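Notes to accompany the following structure.
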Amino acid sequence: MSRLSEHVGDVLDDVRHLRRRFATTAPRAWDPSTAAAELSVQVGHLALCLLRDHGADVTGLEDPRRPLEDVGDELADIVLAALSITVLARCEPIGCAEPPRAETALDAFLRLLVAAGTLSEAALVEHHYRHRPEGSPPSLPEAAGAVVAACDVLADQLGLDLIGEFRAMVADACSFLDQREGNVS
């Protein structure tokens with residue numbers, strides 16, 4: 001199975017394209033910190049899907065008029081949000097091919113959650129919304145690479161083709177934007 005990290009250059013081109021198009025849909029311009037908040041939203045969406053897939057009652061956690069049920073799509077949305085941080089920060093992820101080890105899907109998800117939090121913190125620090133923590137936190141490009149790698153590991157644990165899921169998400173997003181802009185034939 002092909003790893004998304006092996007296609008990061010093409011994926012970044014898609015992210016840049018979507019960022020330009022989605023910019024017209026938001027009342028205010030996004031920056032890396034806004035994209036970090038979106039990353040949190042998308043991690044929550046994935047968690048909801050995983051809870052449902054594991055038989056949990058998610059009645060109080062979901063909007064019945066907006067069902068979130070596609071784990072692959074939600075994981076692809078995390079990739080979009082994470083890489084949107086780098087695009088808006090004008091950098092590229094590094095270390096994507098260094099996947100963390102995970103024994104189970106739960107372990108992989110928790111590692112992704114940690115990586116996403118680290119990336120959000122890096123974006124907030126770099127753009128002066130948060131103090132620089134002590135120690136040696138990773139740079140924003142390193143933290144973004146860790147999220148991509150963690151997404152690959154979780155996709156492997158779940159038996160998903162993440163690059164295929166990402167490409168399907170891009171096609172859906174472009175279709176949504178075309179309809180919104182009245183470009184439907």
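The values are calculated or read from the model by the stated rules, or taken from the named source; none is laboratory data. Because the structure is a prediction, the values reported are computed rather than measured. Methodologically, a virtual Cβ is constructed for each residue, glycine included, from the backbone with ideal geometry; neighbour enumeration extends over all protein chains shown. Heads up: the accessible areas ignore ligands, DNA and RNA and are worked out on the full protein's heavy atoms, side chains in. Shrake-Rupley method; radii C 1.70, N 1.55, O 1.52, S 1.80 Å.
Quick notes
- Hits in region 122-151 (condition: at pLDDT 95 or above and among the acidic types (D, E)): E142
- Within region 17-43, tally of residues that are touching a residue at least 40 places away in the same chain (Cβ under 8 Å) and assigned to a loop (DSSP other than H, G, I, E, B): 2
- Check on G135, more than 20 Å from G9 (Cα to Cα) and surrounded by fewer than 16 Cβ atoms within 10 Å (Cβ to Cβ): yes
- Residue check, A108 closer than 17 Å to S40 by Cβ and outside any loop (DSSP other than H, G, I, E, B): no
- Just one of the listed residues (C96, C91) is farther than 28 Å from T24 by Cα and not in a helix (DSSP H, G or I), namely C96.
- The set of residues in region 38-57 that are more than 23 Å from G164 (Cα to Cα) and open to solvent by less than 60 Å² (accessible area, probe 1.4 Å) contains only A56.
- Residues of region 62-95 classified as more than 21 Å from R21 (Cα to Cα) and free of Cβ contacts under 8 Å to residues at least 24 places away in the same chain, total: 9
- Remark: pairs (first residue in region 44-60, at positive phi; second residue assigned to a helix (DSSP H, G or I) and crowded, with 17+ Cβ neighbours inside 10 Å; Cβ separation under 8 Å; 6+ apart in sequence or on different chains) are absent.
- Within region 142-185, the set of residues being aromatic (F, W, Y) and under 15 Å from the mean Cα position of the chain (by Cα) comprises F166 only.
- When each of R3, R101, R16, R66 is tested for being over 22 Å from R130 (Cβ atoms), at pLDDT below 90, open to solvent by 40 Å² or more (accessible area, probe 1.4 Å) and within 16 Å of the chain's Cα centre (by Cα), the lone residue that passes is R3.
- Check on D77, out of contact with any Asp or Glu (no Cβ under 8 Å at 6 or more places or on another chain), buried (at least 20 other Cβ atoms within 10 Å of the Cβ) and charged (D, E, K, R): yes
- In region 47-60, the condition of being under 13 Å from the mean Cα position of the chain (by Cα), within 19 Å of A144 (Cβ to Cβ), assigned to a helix (DSSP H, G or I) and modelled with pLDDT of 95 or more is met by no residue.
- Once region 123-132 is narrowed to residues that are part of a helix (DSSP H, G or I) and in contact (Cβ under 8 Å) with a residue 24 or more places away in the chain, the residue that is least open to solvent (accessible area, probe 1.4 Å) is A123.
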